[in-house]
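Novice: Quick one: the structure is below, and I'll ask about it shortly.
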Amino acid sequence: MSDNRSFDEPLPWLAPVDDDDEPRGISARRMLIALIVVLVAALLVAATFFWIGRRNAAVNGPPELIRASGQPYKVKPPSTGGLDIAGESETAFETSAGEDKDSKLDLNKLPETPIAKPPKAAPIPVPAPKTLPAHETKTPVPAEPQPSGGAGSVVQLGAFANQAQAERAWTALSARFPSVAALNKMIVPFSGGIRLRAAAASAADAKQVCQTLRAAGENCFVP
């Protein structure tokens, strides 16, 4: 088998193959068309603005010329000394220049106006003390009972608007806590209502009872 091809002819399997996936550039013809389109659009925009300007000028007409008055706008005063103001004092200028004129105010020129005294305010009436009728007597406030356990042996369980509320609170607390039921109930009135307290045998017992109440979510303190 013989091969009649010349040695200069490239072999088909060695010839370069065009890569179809390689991006191709924009041709010169397309670039020229795009440039012409941009120029035409710019010319159209410029022509539109030029036409609008000419149209406004034709409607409004030429600008109006404001002529100056024939009279002079500055007039020289007849005297070169300037305006003379009556009553103008030279003291301020002389003092600023360093001269001491020893100026004094003449208090006799104007009469002194006496200052009017403010009118006296009417006295505020003092209400008379209230007196009770003959058949009524004032109920004395009972004295606060003294605890027998000494200082710090009282537990305050709360303050209430009246004694009925304090009694209900004592019934509920003594039913829940045997340590409270073992204490001595104290109803102490004060100006705002009723204080509910309990007297313990000692300050240590009072603190122990209050700690038990606080652990159960109740409020108390040892005054």
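The values are calculated or read from the model by the stated rules, or taken from the named source; none is laboratory data. Note that the structure is a prediction, hence the values are computed from the model and not measured. Methodologically, a virtual Cβ is constructed for each residue, glycine included, from the backbone with ideal geometry; neighbour enumeration extends over all protein chains shown. When the accessible area is computed, the model is the full protein with side chains, heavy atoms only, and any ligands, DNA or RNA have been set aside. Shrake-Rupley method; radii C 1.70, N 1.55, O 1.52, S 1.80 Å.
Novice: Per-residue accessible area for L35 at 1.4 Å probe radius, Å² rounded to 10?
Specialist: L35 has an accessible surface of roughly 100 Å² with all protein chains in place.
Novice: Place the peptides 117-126, 198-207 in order of packing, highest mean first, counting for every residue the other Cβ atoms within 10 Å and averaging per peptide.
Specialist: The most tightly packed comes first, giving 198-207, 117-126.
Novice: Suppose the chain between E167 and A121 were pulled fully straight at 0.36 nm per residue; how much longer would it get relative to their current alpha carbon spacing?
Specialist: 11.2 nm
Novice: Determine the order of I33, I187, I66 by accessible area, beginning with the largest, at a probe radius of 1.4 Å.
Specialist: Per-residue accessible area, sorted high to low, gives I66, I33, I187.
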